[in-house]
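Notes for the one structure printed next.
Each value in this text was obtained by applying a stated rule to the coordinates, not by laboratory testing. From a predicted model like this one, the values you see are computed outputs, not experimental measurements. Using ideal geometry, Cβ is built from the backbone for each residue, glycine included, and neighbour counts are taken over all protein chains shown.
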Amino acid sequence: MAVSTLFAKFSPVKQRHVVSLVASAEQVVIAYQDNAGKTQLDAQTVTQSDPWTAAAQLISRHGISKADVHLVLGHGLYQSLLIDDPGLSDEDKRAALPFQLKDFISDSPSDIVADGFSSPVANRFQAFVCHKLPLIQFSKALEKSQCRLTNVSLEDVALRQWAQLDKTEMVLSRDSHGVLQLAAFHLGRLCFQRQIRGVMLEGQMMPPSVVDDLALEVQRSLDYLRSQLKSAQVTGLVVSVQGVDDTELAFQLSSRLSVAVRPQQLFDTGAHHQHIAMAALSRDYSPDVNLFSDDLSPKAPLLTFEKMLLVWGATSLLVVLVAAYQQFSLAQAEKFFSLADSERQSAQNLSDELNEQMALHLPSVSLTNEVKEKKAAIEAKRRALAAVKQHDAALQQGHADTFRALASLSRRDISISSISVSQQSLDLSGLAATPASVPAWLQTFKSQPPLADRVFEQMALSRDEKNRLNFNLVSKRESGESAK
C-alpha cells in the first residue's frame with residue numbers, strides 16, 4: 001500500500017462521487033457523472049477475463065478515484081430462490097440465511113453471501129445468493145483507486161425503478177442472453193419473476209402470432225398473481241425490451257391484455273444494462289437487497305510497516321523539535337539569568353552604600369526616646385481637649401430632646417413622678433397600671449433617638465400603702481458612646 005493511500009485513509013472526505021457498475025457474464029457497463037454534471041456511459045465486453053477484471057479496467061480507464069461504487073449483478077452472477085419464510089430478523093438474516101439455503105445450493109454456506117425479503121406471495125421468502133470471494137477481491141481491487149464498494153444489488157431488483165412504487169405492476173424486459181424476463185413488483189418490492197421462452201422478438205417485425213403468444217404468457221402470469229395477491233391486484237405492465245420498439249409492442253399488447261400497458265419512459269436511448277446503470281447512479285439508490293456488507297471488506301491490519309515508518313518518523317521529528325526548543329529555551333534562560341544576576345549585584349552594591357550613608361545619619365537612642373515621650377504627651381493633651389469640647393457641647397445642648405421624647409411617649413398606664421437626667425444616666429420613677437406596662441413602655445424608647453441609646457441597669461417595682469404599683473428605673477449610656 002502506497003504512503004499516499006495511507007494518508008488518504010486518514011484524510012476526511014467531504015463529498016465522494018458515485019459510480020454505478022452493471023456486471024454480467026457478457027459485459028460490464030459503467031455510468032458516472034463528469035465534472036460538468038453530464039452522465040457518461042461505457043461498456044467493456046467480457047472475453048477471456050472475468051467480469052471483475054473488466055470492471056476494474058473500466059475504473060482505471062476512466063481515471064475514477066475516491067468514489068462510492070454501486071454494483072448491480074446481472075443474470076448469471078447470482079441465484080434467485082423462493083423458499084418458505086424462515087422468520088429471520090434483519091440482524092440475524094445475513095449470518096443465518098446462507099445456512100437456511102444450504103439444501104438448495106451446492107456451495108458451502110461459508111462461501112456465499114445471501115440476502116432477501118419476505119414476499120407477499122403465499123407467505124414465501126425471496127432469497128438471492130452469490131459467491132463471496134469475487135466480491136471481496138473486487139472490493140480490495142477498488143481500494144487501489146481509493147474507491148469504496150457501498151452496495152451490491154441485482155438486475156431483477158433494480159427493475160423496480162421502471163414501476164410505480166405505490167402500485168403493483170409488472171415489467172417486461174430482455175436480459176443480456178436475449179431471454180425475455182417478466183417481473184412483478186408490489187409497492188416497489190419484487191414478488192414474482194419468470195422467463196418467457198419460445199417467444200422470439202427480432203427487430204421491428206412483430207408478427208401477430210408472436211405477440212399473441214407473448215400476451216398469452218403475460219396473461220397467465222397475471223392470472224397467477226391475482227390468485228396469490230389477496231390485498232392488491234396488478235394494475236399495469238411496463239415494456240422495456242431491448243432491440244424492440246417499446247411503444248409499438250406496448251400498443252400491441254394493450255389490446256390483448258386486461259391491464260394497462262405502457263413503454264418505459266425513464267430513458268430515451270441506450271441498451272438494457274445501460275438503463276440499469278443509470279438507474280443505480282443516484283446517490284439515494286437504496287435497493288431492497290444488498291449482498292455486500294462492511295464485514296466483507298478486508299480489514300486493514302492495525303500495525304503495518306508503512307504505519308511504523310510514519311510513527312517513527314513523526315516521533316523522531318517531534319523529539320528533534322522538542323530538543324531544539326529546550327536548547328533554545330535553556331540558552332535564553334541562561335542569558336536572562338546572567339543579566340538578572342548582574343542587576344542583582346549592582347543593586348546589592350547600591351544597597352550597601354546607602355546603608356553605610358544611613359548609618360551616619362541615625363539619631364541617638366536618648367533623642368529618639370525623648371521624641372516618643374513628647375509625642376505621647378501631645379496626644380494625651382489632644383484627647384483631653386477633645387473631651388472638654390465634647391462636654392461643653394453637651395452642656396450647651398441640654399436635655400430638651402430627652403424631655404420632648406419622654407413627652408411624646410406618654411401613656412395612660414404610665415405616670416412619671418420623678419426624672420433625674422444627666423449626660424451619663426437617666427433615673428425615672430412613677431406609677432404603673434400593671435407590671436407589664438413598664439417593659440412595654442421601655443420598648444417604645446427605640447423609636448426616639450434621644451432615648452434609644454439609654455441602657456437601663458436597674459428596674460424596681462413595689463406597692464405603696466394605697467396598693468399602687470411604683471416603679472424605679474436607673475439607666476446610663478451604652479459604653480463607648482459619648483454624650484451628644
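Quick notes on this one:
- Take the convex hull of the alpha carbons in the range 305-362; its mean projected area over all directions comes to 4.8 nm².
- Our summary gives the chain a relative contact order of 11 percent, counting only alpha carbon pairs under 8 angstrom and 6 or more residues apart.
- For the range 398-477, the Cβ-based charge dipole about the Cα centre amounts to some 140 debye (Lys, Arg positive; Asp, Glu negative; other atoms uncharged).
- Backbone HN-Hα couplings from phi across the range 30-45 [Karplus 6.51/-1.76/1.60, Hz, Gly and Pro as x]: 10, 9, 7, 10, 7, 5, 8, x, 8, 6, 10, 10, 7, 9, 9, 6
- Per residue, the Cα convex hull of the chain amounts to 496 Å³.
- Taking label points 7 Å from Cα along the Cα-to-Cβ direction, residue 417 and residue 255 give a separation of 14.3 nm.
- Computing FRET efficiency as 1/(1 + (r/R0)^6) for residue 399 and residue 360, where r is the C-beta to C-beta distance and R0 is 41 Å, gives about 0.05.
- DSSP finds beta bridges in the chain, and of those with both partners inside it, around 75 percent are antiparallel.
- Amide hydrogen proximity for residue 85: with H placed 1.01 Å from N in the peptide plane, the residues at 5 or more positions away or on another chain lying under 5 Å are 125.
- Long-range HN-HN contacts of residue 261 with modeled amide H, under 5 Å: 237
- The 3J(HN,Hα) values that the Karplus relation (6.51, -1.76, 1.60; θ = phi - 60°) gives for the range 85-96 are, in residue order, 5, x, x, 8, 7, 4, 6, 9, 5, 5, 7, 8 Hz. Gly and Pro appear as x.
- Potential lengthening of the chain between residue 408 and residue 466 amounts to 18.0 nm, from the contour at 0.36 nm per residue minus the alpha-carbon distance.
- Ranking of 197, 16 by count of other Cβ atoms within 10 Å, fewest first: 197, 16
- Annotation for the range 208-261: trypsin sites (Lys or Arg not before Pro) lying in DSSP loop with at most 14 further Cβ atoms inside 10 Å of their Cβ are 230.
- For the range 303-318, Karplus couplings with θ = phi - 60° (6.51, -1.76, 1.60), whole Hz, Gly/Pro x: 10, 10, 5, 5, 5, 5, 4, 5, 5, 4, x, 5, 5, 4, 4, 5
- Binned Cα-Cα distance frequencies in the range 398-477 - 10 Å width, integer %: 17, 58, 22, 3
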